[in-house]
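First the structure, in the form of structure tokens, and then the observations on it.
The values are calculated or read from the model by the stated rules, or taken from the named source; none is laboratory data. Small disclaimer: the values here were computed from a predicted structure and weren't measured. Backbone-built Cβ (ideal geometry, glycine too); neighbour counts: all protein chains shown.
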Amino acid sequence: MKIDLHIHTSTGSDGKFTIEKVFNEAEKRQIDFLSVTDHDAIEHQGQAITLAKSHGIKYITGVELNVTFPYQGKAVSLDFLAYGYDPENSALRAKLRLIKEHREKRARQIMANLNAEFRKESRPLFTDADLKKMQEGVDGILSRPHIADYLTKKGVVRGRQEAFDKYLVKCDVPKYPLSLEEAAALVRKAGGVIVLAHPNDPNGTSLITITKDLKQQTEIIREYMLKYIDGIECWHSRNDAATTQHYVEFSKNHHLLMTGGSDCHQNPAIMGTVDVPDWVAGQFVD
């Protein structure tokens with residue numbers, strides 16, 4: 001059985017494929033159980049359910065929520081995956097609308113910050129026309145990777161990594177301050193479960209920003225998160241074997257759900273490439 005419970009689309013957030021293309025590709029790759037987990041966006045989950053049925057793929061509703069986690073006086077950005085919630089839940093939808101509005105304001109502020117840097121370098125400033133061009137290629141919500149791609153296209157930088165290193169880290173604006181307690185309450189009241197995503201992801205939106213030590217990471221989870229989470233993403237495209245083994249053992253010891261996925265943004269298309277055990281599906285599918 002091929003399982004991928006962490007896939008992004010251009011319809012909802014920062015993937016490269018539309019939701020239709022994701023399901024076409026999933027069928028080609030013979031993925032049996034799937035979840036679309038776009039960032040803070042669930043409006044397209046009904047479409048995903050319909051597409052899954054037409055492609056003969058088992059499906060569970062998904063979303064990736066960014067949470068501001070306070071730790072020792074520092075605000076740490078962490079991602080959490082929600083599964084199995086009712087996509088029509090009014091409280092969840094209302095909160096995600098607020099987050100979307102904040103994202104749009106954030107994008108404009110990042111643009112203003114970029115222009116401040118461009119002035120220092122005597123570069124041409126971005127205008128509303130540039131913002132419109134950025135949004136033209138985005139079906140979902142404009143985010144920093146989209147801005148990075150536009151900076152590359154304009155020849156300001158040579159690629160995404162340089163865009164972040166040179167501009168987007170410095171010009172960042174805080175995300176919507178969603179707490180873990182609030183996120184857990186919203187998801188659970190909508191009938192879903194909440195899962196800590198990629199806890200040791202070297203890309204940074206993870207506990208690795210606090211510590212690289214796996215035992216220290218799980219001690220933080222044990223002390224501060226256990227009452228708010230239902231599971232941990234134990235299999236991920238950027239996991240090494242030690243990370244997966246450590247989190248599987250921790251999850252078993254604390255009776256937590258265990259999930260896995262590629263975190264595919266289709267650049268490259270890696271959906272279905274993470275070896276997630278068949279029994280993971282049994283936690284959700286009868």
Criterion: without any contact (Cβ under 8 Å) to a residue 24 or more places away in the chain, charged (D, E, K, R) and more than 23 Å from Gln72 (Cα to Cα) - qualifying residue of Glu223, Glu249, Glu219, Glu233
Glu249
Taking Val157, is it free of Cβ contacts under 8 Å to residues at least 12 places away in the same chain and either closer than 23 Å to Ser237 by Cβ or of a type in the set (Val, Ile, Thr) (or both)?
yes
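So, Arg97, is that one part of a loop (DSSP other than H, G, I, E, B) and surrounded by fewer than 16 Cβ atoms within 10 Å (Cβ to Cβ) or not?
Values: part of a loop (DSSP other than H, G, I, E, B): no; surrounded by fewer than 16 Cβ atoms within 10 Å (Cβ to Cβ): yes.
Judged against the criteria, Arg97 is not a match.
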Determine which member of the set Gly155, Gly192 is at positive phi and among the small types (Gly, Ala, Ser).
Gly155
Condition first: touching a residue at least 60 places away in the same chain (Cβ under 8 Å), more than 19 Å from the chain's Cα centre (by Cα) and either under 18 Å from Leu186 (Cα atoms) or not assigned by TED's automatic domain parsing to the domain that holds Gln217 (or both). Can you find one or more residues in the range 64-74 that meet it?
no
Output the residue which, of all residues in the range 159-202 that are basic (Lys, Arg) and touching a helix residue (DSSP H, G or I) at 6+ places or on another chain (Cβ under 8 Å), is modelled with the lowest pLDDT.
Lys175
crowded, with 19+ Cβ neighbours inside 10 Å and either of a type in the set (Lys, Arg) or not in a helix (DSSP H, G or I) (or both): is that true of Leu178 in this structure?
yes
